[in-house]
Structures are given as structure tokens and as C-alpha cells.
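What follows is one structure encoded as C-alpha cells, with my remarks underneath.
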Amino acid sequence: MNILHISAECFPIAKVGGLADVVGALPKYQKELGTTSNVVMPFYNNEFTQGNNFETIHENYTSLGHEYFNFKVLKLVDNKLGFDLYCIDVPDLLYKDFVYSNDDTKRFLAFQIATLDWILTLQEKPDIVHTHDHHTGLIPFMMSHSLKYESLKKTPTVLTIHNAQYQGWFSHDNVNLIPPFNFEKVGLLDWSSQINSLAAAIKCAWKVTTVSPSYMEELKLKANGLEDLLNDESAKCVGILNGIDWTVWNPETDKKLLKNYSIATVKSGKKTNKEFLCKEFNLDVKKPLFTFIGRLVGEKGADLFPEIFKTALKENDISILLLGSGHKETEEELAKIPKENFNTFIGYDEKLAHIIYAGADFLLMPSRVEPCGLNQMYSLRYGTVPVVNAIGGLKDTIIDIDSNNGFGIVHNGVTVEHVTTAITKATKYYKSKGFEENLKNIMSINHSWSNSAQEYVNLYKTLKN
């Protein structure tokens, strides 16, 4: 079976969020199951593309409405990723040092059209075209209804929704940018009087998946305006929990750590990494260390962080370290908190993130929206206890310590009181006899891609029968 993933992000080439981690790992695990699974993405101007060799395997021109543009398909020469990587090079639109901007309609439409034009030329066509989020959401529509892609009409398409908050809206005034189609089908593009790329994909893809079972059910109640559509299309919708790449996220072999460790040596390994963090950020190594890694946005509950942290530090003998950036007002309020048992790294550093997962005692994820969440899986892998809101994939992966077989801290709701109460509960747990034994337990929980990759392959097979 030949599967082609089409995405705006893919780790380690270009990463903004969890989408990149999924697209960078899932194909590798699918290939282990005997499939041919590869990735197509835009060619960006970044460290990865500048530092690696690509060969041009296809060159042509196509149109975006009445405007013609040249494009190339570049293939990564070194198969270091575990799958073949193809990049669509449209210099004026895609070769940027950023992934997303405020106006990406033409950029990602050009990417999708050039990708489909290239697929038309392939001697061996993909058996499944797997699109990810709204940036590739018009592909199922174009494959089904654009006249130039008539020969792809019977190729099954799958859409995975990683985050339904972003939908790729643009005005019907730009409908001419889409290759000609039977205009009687224009309603498939529309949602709330706009062209909505994600809505079009939900309507036209053969199957629709989300990145956790709970997130699929939550979207039927709250999906930024797409609730009715997802309920109408529920028969073809399924939630498949994301996994993590155990070859990348492995405390025994992770070269970014100060000291590697296994389940048997978790205590000494985490101690060394924690000592580094506490020395680097002027924190007390004897106190339980709570951390947050991610974007400082409302979806993550970050608008409450200044008040949460001030209250938690006042009520508990703990340290807090934050790695992330985002809303400027939140960053400014965090900067006002005294650097006593508290510190921040505003920005992102991949090596530091790995060390934090290894050295922290607890990871905070008070998310209001969390389609799947990968950070809680990384923390489990590194023996760090997640403190999470019971939402989306967090609800599917973390069981509270007060429940049978529980191993994490779970709160129900995102308020200052909810989160600080959970932090107090975690602090008490840190002092209990069962805390260290639980670290060995959580490190043994298997959230690798193996099971999820098999679920996707099983889904693909239903489309080929």
C-alpha cells in the first residue's frame, strides 16, 4: 500500500506545533508495517533545507487562477528520516523563513495545486492520499471535483484534524484560484458564507480522523462553528490517538540530556538533569520542580499563568520553570514575578525542552483545548508526572492517582483555583512513598506510534476493499 502524507509541517524540517511531530513519525511506523509511506510538504528557507541536499525530480508550471507560476519537486537525497521526503518549491510563495503568516491563502493553494499536478505525472499513483489540517484541506475537493484531476477521483482521501480552531477561511471572491470544477459543487466549499478549507475537507474526504477519541466527541459539541457538519458526517469520522516517536524520545539514548537513564536508573538520571536546570535557572533542587513547555496562548490556559504561579508559589514550597512564548501581555506579566523559586525561558530551545522533560518532577498542562497532546506522553516517557485538565487527548491518556491504576494528577476545569489545587495535590504526592515507584510505572507506559500506526493502516484497508 502506497500512502502519501501531505502537510504544511514535518519534524525535523519545519515545526510549529504537534502536527510536525505526527507527520515526522507516523510514516516511519507505517513503513514498519509493510507500507510505502512518504511525505510532501512546502520547501521553506530554513536551517534544515539549507543544511541538506535535495535533488530536483520534477519541474513544471501551473496556474493559480489567471496567474501562472513555476514549481519544482525536490527530493531529500539522504533518506535519514526513515521515509522519502518531497518538497514543493514555489520560490515567490513558499520559500520563506516562516511556515505561517497572516495571509496564506495563495501560498497553500499553490502548494496543493502543485502537489496534485505532480501526482498526475507519477507512474505509480498513491493508494491513499492523507491530508493534514486545513492547509491541505482543498485536496479532497479538488481530487473529487476539479476537472484536471478527474483521473484521481477514485483515489481515497483521508483528512486528519489536528486542530479545528484554524480552518483556512477565504472569500468566495477568490474561488477562481481553485482549478475549474463543476460549479454546481461550489456548496461543498462553503461554510457560513465563506470558503472554508477544513469544512470542504470534512465534506469531501473519504474518512475523517482526529488525534484522539475524546477530541472527536468534543468537536461535535464545540468546533469553532463546525459542530453541525461533524455531527452530520459522524459516520465517516473516527478518533485515533497520536503516538510519540520512541526512537527520538528515549531517555536511555537521548543525546540532549546531561545524563541518560533507564527505568532502573531513573532516580539518579533525573537527579543529574534536575541539578543542571536548578543551577542554570537559580532554583532549589530540593523542592519539587513544576514545569510548562509550550505556547503562551489561551488554548493552553496560559492567560492564567501569572496568577496561578504567584498563588501556587505562595501556598506551596515548590519551584516553577516555564519554557515558551506567545501572548506578549502574558510574557510581560510573567516577567514581573520575582525570580525566587521561579524562572522562565521565553522562546523555544529543543535541547532545553528535552532536559526539562528529564529533570522536572511535574509537567503542567492546564489546557482548555488539547486535541491530543504530545507533551504529556513525552513527560511519561521521561518519568515526569503530568498535571492536566481532563480534556481531549489528556483525558484519554492520563488517569488520576486517586483512581484505579492512576499515575497522574487530573483536574476538571481551568481556573486559578482548579490548577493551584492540583499543584498542591501534586506537592503532597511528591512527598509520599509511592512517588518514586510511580516514576518507573509511567516510564513503562507505551505511547509509541506502533499501535496508532496500525489503526491507520486498518482504516486505509477499509477504503481499498
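The values are calculated or read from the model by the stated rules, or taken from the named source; none is laboratory data. The model shown is predicted, which means the values in this text are computed figures rather than measured ones. With ideal geometry, Cβ positions are generated from the backbone for all residues, glycine too; neighbour counts draw on all protein chains shown.
Quick one: in the range 156-179, which of the residues that are part of a strand (DSSP E or B) and of a type outside the set (S, T, N, Q) is surrounded by the fewest Cβ atoms within 10 Å (Cβ to Cβ)? Outline the logic, then answer.
The initial filter retains those residues of the range 156-179 that are part of a strand (DSSP E or B), namely 157-161, 169-170.
The next check asks that each one be of a type outside the set (S, T, N, Q); those that pass are 158-159, 161, 169-170.
Values: VAL158: 23, LEU159: 28, ILE161: 27, TRP169: 16, PHE170: 18.
This residue is TRP169.
Do the conditions hold for VAL285, that is, is it in contact with a strand residue (DSSP E or B) (Cβ under 9 Å, 6 or more places away or on another chain), under 19 Å from LEU323 (Cβ atoms) and surrounded by 14 or more Cβ atoms within 10 Å (Cβ to Cβ)? Break it down stepwise before answering.
Numbers: in contact with a strand residue (DSSP E or B) (Cβ under 9 Å, 6 or more places away or on another chain): yes; under 19 Å from LEU323 (Cβ atoms): yes; surrounded by 14 or more Cβ atoms within 10 Å (Cβ to Cβ): yes.
Criteria met by VAL285.
How about the range 427-444: which of its residues are surrounded by fewer than 14 Cβ atoms within 10 Å (Cβ to Cβ) and under 25 Å from the mean Cα position of the chain (by Cα)?
Of everything in the range 427-444, just one residue is surrounded by fewer than 14 Cβ atoms within 10 Å (Cβ to Cβ) and under 25 Å from the mean Cα position of the chain (by Cα), namely SER444.
Can you tell me which residue is nearest to TYR215 (Cα to Cα) among those in the range 415-426 that are surrounded by fewer than 20 Cβ atoms within 10 Å (Cβ to Cβ) and either touching a helix residue (DSSP H, G or I) at 6+ places or on another chain (Cβ under 9 Å) or aliphatic (A, V, I, L, M) (or both)? Spell out the reasoning first.
The initial filter retains those residues of the range 415-426 that are surrounded by fewer than 20 Cβ atoms within 10 Å (Cβ to Cβ), namely 415-418, 421, 424-425.
With either touching a helix residue (DSSP H, G or I) at 6+ places or on another chain (Cβ under 9 Å) or aliphatic (A, V, I, L, M) (or both) added as a condition, the list becomes 415-417, 424.
Details: THR415: 21, VAL416: 24, GLU417: 25, THR424: 28 Å.
The extreme case among them is THR415.
Is it the case that ALA390 is in contact with a strand residue (DSSP E or B) (Cβ under 8 Å, 6 or more places away or on another chain) and assigned by TED's automatic domain parsing to the domain that holds PHE292? Write out each step before concluding.
Details: in contact with a strand residue (DSSP E or B) (Cβ under 8 Å, 6 or more places away or on another chain): yes; assigned by TED's automatic domain parsing to the domain that holds PHE292: yes.
So ALA390 passes the test.
Residues to consider are ASN282, ASN273; find the one that is part of a loop (DSSP other than H, G, I, E, B) and in the same structural domain as ASN441 (by TED's automatic domain parsing). It would help to see each step written out before you state the result.
Numbers: ASN273 fails: part of a loop (DSSP other than H, G, I, E, B).
One residue alone meets the criteria, ASN282.
Could you grab me the full set of residues in the range 418-465 that are under 24 Å from VAL266 (Cβ atoms) and hydrophobic (A, V, I, L, M, F, W, C)?
ALA422, ILE423, ALA426, PHE435, LEU439, ILE442, MET443, ILE445, TRP449
Filter the range 181-207 down to the residues that are part of a helix (DSSP H, G or I) and not charged (D, E, K, R) and list them by number.
Going residue by residue through the range 181-207, those that are part of a helix (DSSP H, G or I) are 183-188, 197-204.
Across the range 181-207, the qualifying residues are PHE183, VAL186, GLY187, LEU188, SER197, LEU198, ALA199, ALA200, ALA201, ILE202, CYS204.
Report yes if VAL77 is out of contact with any Pro (no Cβ under 6 Å at 6 or more places or on another chain) and buried (at least 16 other Cβ atoms within 10 Å of the Cβ), otherwise no.
Numbers: out of contact with any Pro (no Cβ under 6 Å at 6 or more places or on another chain): yes; buried (at least 16 other Cβ atoms within 10 Å of the Cβ): no.
Here the answer is no, as VAL77 does not meet what is asked.
Residues of the range 267-318 being charged (D, E, K, R), touching a residue at least 40 places away in the same chain (Cβ under 8 Å) and within 16 Å of VAL419 (Cβ to Cβ), which ones?
GLU299, LYS300, GLU307, GLU315
Would you mind stating whether ASP396 is touching a strand residue (DSSP E or B) at 6+ places or on another chain (Cβ under 7 Å) and either farther than 28 Å from ASP254 by Cβ or among the acidic types (Asp, Glu) (or both)? It would help to see each step written out before you state the result.
Details: touching a strand residue (DSSP E or B) at 6+ places or on another chain (Cβ under 7 Å): no; either farther than 28 Å from ASP254 by Cβ or among the acidic types (Asp, Glu) (or both): yes.
It is false that ASP396 is touching a strand residue (DSSP E or B) at 6+ places or on another chain (Cβ under 7 Å) and either farther than 28 Å from ASP254 by Cβ or among the acidic types (Asp, Glu) (or both).
Kindly check whether there is at least one residue in the range 21-40 that is among the hydrophobic types (A, V, I, L, M, F, W, C), touching an Asp or Glu at 6+ places or on another chain (Cβ under 9 Å) and not in a helix (DSSP H, G or I).
yes
Output the strands (runs of 3 or more DSSP E) that fall wholly within the range 46-95 and possess 3 or more residues being over 26 Å from the mean Cα position of the chain (by Cα), or say none.
Numbers: elements: 54-64, 67-76, 85-89.
Passing ranges, in order: 54-64, 67-76.
Go through (1) of a type in the set (Ser, Thr, Tyr); (2) part of a loop (DSSP other than H, G, I, E, B); (3) crowded, with 16+ Cβ neighbours inside 10 Å and name the single condition THR247 misses.
Among (1) of a type in the set (Ser, Thr, Tyr); (2) part of a loop (DSSP other than H, G, I, E, B); (3) crowded, with 16+ Cβ neighbours inside 10 Å, THR247 violates only (3).
Name the residue that is surrounded by the fewest Cβ atoms within 10 Å (Cβ to Cβ), counting only residues in the range 1-57 that are within 17 Å of GLY82 (Cα to Cα) and among the aromatic types (Phe, Trp, Tyr).
PHE48
For the range 445-456, which positions are surrounded by 18 or more Cβ atoms within 10 Å (Cβ to Cβ) and part of a helix (DSSP H, G or I)?
TRP449, SER452, ALA453, TYR456
When the residues of the range 413-444 are filtered to those that are part of a helix (DSSP H, G or I) and polar (S, T, N, Q), which remaining residue is nearest to LYS154 (Cα to Cα)? Spell out the reasoning first.
Step one: of the range 413-444, the residues part of a helix (DSSP H, G or I) are 416-430, 434-443.
Those left that are additionally polar (S, T, N, Q): 420-421, 424, 427, 438, 441.
Values: THR420: 53, THR421: 54, THR424: 56, THR427: 56, ASN438: 50, ASN441: 47 Å.
Step by step, filter the range 413-444, then rank; the result is ASN441.
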